[in-house]
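Below is one structure, written out as structure tokens, with a few remarks after it.
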Amino acid sequence: MESILKYFDTFDDRQRNQIDMLSDLYHEWNAKVNVISRKDIDNLYLKHVLHSLSIARFLGPLADGTEFLDLGTGGGFPGIPLAIAYPTCSFHLIDRIGKKINVAREVAAAIGLRNVTFQHGDIGECHARYDYVVSRAVMSLDALVPLIVKNIKRGVVSDNRYSPGLVCLKGGDLEDESKGVRFPVIEYPLNEFFSEEFFSTKKLIYVPIKL
């Protein structure tokens, strides 16, 4: 919890309480449905919540009503931490594994999130358009980008700092999987945002999609 408030000290009491509730909820649900690696569950705030919130550090303040699609959300990452951080934005979380999306739904209900919706299915079954598609290491970029182009808004004029596109979290050398992407692939090392050793090899990838 302290690692979150260290970087997000403007969270109000409701947001702090929602973040605080995540630990017990995910420990409880993870004992029933393995949505987080057993070795990582005790590092929930660092490796999952704060990692997810790096997208908020990147995007900064957002216009009310900004819409997100969280592709391959699993148990709710990065969507649930981002929905806490941006209560005036909306988030649609999708995953092909029903038991995982059910965990995300139950956690969101337990902490009182009202800006999230859920879908058990594949990206091919999602036809709506969003300002940003977000994900955490769902698949290689050259496979991911073509799948989500149809889900990005076109001709949007907003006060957001970054134009519509893909914002995903990955690690390692991305040169090979970036070669086949027909849009700019911009990498941001997460150690520019956070000082913890865990982030030394982690990256945020932004792919602005303009057609």
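Coordinate-derived values only; no laboratory data. These numbers come from a predicted model, not from an experiment. Glycine gets a Cβ as well: all are built from the backbone with ideal geometry, and neighbour counts include every protein chain shown.
Contour minus end-to-end for ARG96 and LYS150, with contour as 0.36 nm per residue of separation and end-to-end as the Cα-Cα distance?
Using 0.36 nm per residue and subtracting the Cα-Cα distance, I get 17.6 nm.
Apply 1/(1 + (r/R0)^6) to the Cβ-Cβ distance of THR117 and LYS39, taking R0 = 30 Å, and write down the FRET efficiency to the nearest 0.05.
The formula returns an efficiency of 0.45 here.
Place a point 7 Å from Cα of MET139 in the direction of its Cβ. Which residues in segment 92-106 have their backbone N less than 17 Å from it?
Counting backbone N atoms under 17 Å from the label point, the list is 94-98.
Work out how much length ARG161 to ALA110 would gain on full extension: take 0.36 nm times their residue separation and subtract the Cα-Cα distance, in nm to one decimal. Working shown, then result.
On the way: separation 51, 0.36 × 51 = 18.36 nm, distance 3.18 nm.
Stretched fully, the ARG161-ALA110 segment lengthens by 15.2 nm.
How much net charge surrounds LEU169 when only the other residues with a Cβ under 13 Å from the Cβ of LEU169 are counted, with Lys and Arg +1 and Asp and Glu -1?
Values: positive: LYS47, ARG57, ARG136, LYS170, LYS202, LYS203; negative: ASP70, GLU187.
Charge balance in the 13 Å sphere: +4.
Compute, for the chain, the length of the dipole vector about the Cα centre, with Cβ point charges of +1 (Lys, Arg) and -1 (Asp, Glu) only. Units Debye, rounded to 20.
Values: 25 positive and 27 negative charges, 113 e Å.
Roughly 540 debye, rounded to the nearest 20.
Say the cut-off is 31 Å between C-alpha atoms; which of LYS32/LYS210; LYS6/LYS210; LYS150/LYS179; LYS32/LYS202; LYS153/LYS202 go over it?
Numbers: LYS32/LYS210 42 Å; LYS6/LYS210 35 Å; LYS150/LYS179 20 Å; LYS32/LYS202 29 Å; LYS153/LYS202 27 Å.
The pairs that break the limit, which is 31 Å between Cα atoms, are LYS32/LYS210; LYS6/LYS210.
Of the DSSP beta bridges with both residues in the chain, give the percent that are antiparallel, rounding to the nearest 5. Intermediate values should be presented prior to the final figure.
Details: 11 of 30 bridges.
Percent antiparallel among DSSP bridges in the chain is about 35.
Using Cα centres only, tell me the gap between segment 140-202 and segment 106-136 in whole Å.
18 Å
Using DSSP H assignments, which helices in the chain have an axial alpha-carbon span of 20 Å or above and a mean Kyte-Doolittle hydropathy of 1.6 or higher? Each step should come with its number before you reach the end.
Values: long enough: 13-30 (26 Å, -1.62).
Helices passing the filter in the chain: none found.
Go ahead and estimate [θ] at 222 nm for the chain from helices alone: -39,500 (n - 2.57) per DSSP H run with n ≥ 4, summed, over the residue count, rounded to 500.
On the way: 7 runs with 65 residues, N = 211.
Estimated from H runs of four or more residues: -9000 deg cm²/dmol.
Within 10 Å of each residue's Cβ, count the other Cβ atoms and sort TYR162, TYR45 from fewest upward. The partial results should precede the final answer.
Working: TYR162 16, TYR45 21.
Taking fewest neighbouring Cβ atoms as first place, the list is TYR162, TYR45.
Taking the beta-carbon count within 10 Å as an exposure proxy, list ILE41, ILE84 from fewest neighbours to most. Write out the running numbers ahead of the final one.
Details: ILE41 17, ILE84 29.
By the 10 Å Cβ count, ascending: ILE41, ILE84.
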